[in-house]
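Inspection log for the structure reproduced underneath, given as structure tokens.
The values are calculated or read from the model by the stated rules, or taken from the named source; none is laboratory data. Bear in mind that the values here come from a model prediction, so they are computed numbers and not experimental data. Counting neighbours? That spans all protein chains shown, and the Cβs are built from the backbone with ideal geometry, glycine included. These area figures cover heavy atoms from the full protein model, side chains too; ligands, DNA and RNA do not enter into them. Shrake-Rupley method; radii C 1.70, N 1.55, O 1.52, S 1.80 Å.
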There are 2 protein chains.
Amino acid sequence: MGTIGSEQCKSGCGVERTLQVLDGKWATLVVRELMPGPKRFTELRSVLGMPSAKTLTDRLRALEHQGILTRTVHAEVPPRVVYELTGQGRSLNSVLMAMLAWGEENPAPVAVR
Amino acid sequence: MGTIGSEQCKSGCGVERTLQVLDGKWATLVVRELMPGPKRFTELRSVLGMPSAKTLTDRLRALEHQGILTRTVHAEVPPRVVYELTGQGRSLNSVLMAMLAWGEENPAPVAVR
DNA sequence: CAGAATCCACTTCGATACTG
DNA sequence: CAGTATCGAAGTGGATTCTG
């Protein structure tokens, strides 16, 4: 198996598709947090350290529309909304594991200068 | 092998580190294009379809400072500048392959609307 | 050719206030 | 609790012009 490159992977290839889903600075982290299991809105917000609810809502909606996660509203008081990865969402685990492995083996450079 | 998650991966983990490097919408694509071998500035620009030189310059500088690629200036006329992945940069191949595989197996949803 | 510099458009993100 | 609505700040990308 060789390296990736434009020969096997021109514009519109799988890498671009993945980038569409794991877009922006939060999407990847949201998916990571949901990987072990469903979580609630506030739970996600506090774990990810997101100060604003708006951004999280936007990211969750985008991922929902892309079929990565589902949003379930429990009609209770107080309301409880649970986000859970779909099969497609869970399949992103392989990508996250690759990112995790690379990050662990390649810490930040000694000096950024 | 389990799934990824905050239990094994709190803030500051490898995933975040990888996201620092593959940041924005161009970094990943630049690394992908350089994976098969060195390329010149204009070559990268045309293959990636980047209309503006500024953005490409910014991305290349960022990746250079992070130790992902090297910039070599050949003192010729016309000048020739070649960008090449470092060992660390080439090691990102595993991440790109994971992204490629996921994207191939998970095309865009039936309707994005 | 490979940029640097400048200006501008768009998106993303955050803070605040309010609602079912 | 889990949002929505609105505003504004910030970052990123693009177009243009100029230079060694």
Other chains near B:85-95: what is the mean number of their Cβ atoms within 10 Å of each residue's Cβ? 4
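Given a 1.4 angstrom probe, what's the average accessible area per residue across chain A, in square angstrom? Could the numbers behind the result be given before it?
On the way: 5900 Å² over 113 residues.
Result: 52 Å² per residue.
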With respect to the axis carrying A onto B, what is the closest chain A residue by Cβ position, and how many angstrom separate it from the axis? A:Ala98, 2
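Computed over the Cα atoms of chain B, what is the ratio Rg over Rh, Rh following Kirkwood? Don't jump to the answer; show the numbers that get you there.
Numbers: Rg = 16.5 Å, Rh = 15.9 Å.
For chain B, the value is 1.04.
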Using a 1.4 Å probe on protein heavy atoms only, how many Å² of accessible area do B and A hide from each other, summed over both chains and rounded to 100? 4000 Å²
Fully extended, how many nm does the chain gain between A:His74 and A:Thr42 (0.36 nm per residue separation, minus their Cα-Cα distance)? 10.1 nm
Restricting attention to the alpha-carbon atoms of the protein assembly as shown, what are Rg (one decimal) and Dmax (integer), both in Å? 18.9, 73
For chain A, the longest stretch holding no GluC sites (Glu not before Pro) located in a DSSP loop with at most 14 other Cβ atoms within 10 Å is which? A:8-75
Simple SL model, points at 7 angstrom along Cα→Cβ for B:Ala108 and B:Ser91; separation in nm is 3.6 nm
